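Report on the following structure.
The values are calculated or read from the model by the stated rules, or taken from the named source; none is laboratory data. Small disclaimer: the values here were computed from a predicted structure and weren't measured. Cβ sites come from the backbone with ideal geometry, for glycine too, and all protein chains shown count toward neighbours.
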Amino acid sequence: MKKVGAVSIFLFFSLLLVLLFSGCKMEQAEEPSYSSAMTDNILQAIVENNYLKFSQDFDDAMKKALPESKFNELSNQLNEKIGRYTNNKETILVQKKDNLYVVIYQAEYEKSKKVKITISFRETGGQPQVAGLYFDAPELR
């Protein structure tokens, strides 16, 4: 299995488990005010290959699931397969269940104009943290 595929699948299943254990009945919602900026920070950190910046908003489970060694693999594969993030993304869908938001973006990269990014945020004590992250594009499959 390709390295990006393995990391993406792992992160996807982590997100899926969160959704299943949370009752999975999600409702459409407004995009949280922090979502776009936190997502841009993650995407830019991948371009910069900066793990500290990339993981600064992760919850403990995400930090454990995506240590720096896995981040380096992910960053290298994304930059190689789809190129650099062009700072252009559009919100496709936002869903919410209790304190969990799932936001789906379509982003443009140098080599792929349609990269689907699914990111989940969990609000704990009024503080949002990234609880899941998944990239999908034909070039990544």
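Remarks
- Qualifying residue in the range 43-58 (condition: surrounded by 14 or more Cβ atoms within 10 Å (Cβ to Cβ), under 15 Å from the mean Cα position of the chain (by Cα) and part of a strand (DSSP E or B)): yes
- Of F12, F58, all but one fail to be at pLDDT below 90 and in contact with a strand residue (DSSP E or B) (Cβ under 6 Å, 6 or more places away or on another chain); the exception is F12.
- Pairs with Cβ under 7 Å, 6+ apart, first in the range 114-141 and free of Cβ contacts under 8 Å to residues at least 24 places away in the same chain and farther than 18 Å from F71 by Cα, second assigned to a strand (DSSP E or B) and of a type in the set (V, I, T): none
- Residues within the range 15-52 that are modelled with pLDDT of 95 or more, hydroxyl-bearing (S, T, Y) and more than 20 Å from K89 (Cα to Cα), tallied: 1
- For the range 89-106, taking the residues that are touching a residue at least 60 places away in the same chain (Cβ under 8 Å), surrounded by fewer than 18 Cβ atoms within 10 Å (Cβ to Cβ) and in contact with a Ser or Thr (Cβ under 8 Å, 6 or more places away or on another chain), the one that is nearest to I119 (Cα to Cα) is identified as T91.
- Meets criteria (modelled with pLDDT under 95, under 20 Å from L140 (Cα atoms), of a type in the set (G, A, S) and under 14 Å from the mean Cα position of the chain (by Cα)) for S75: yes
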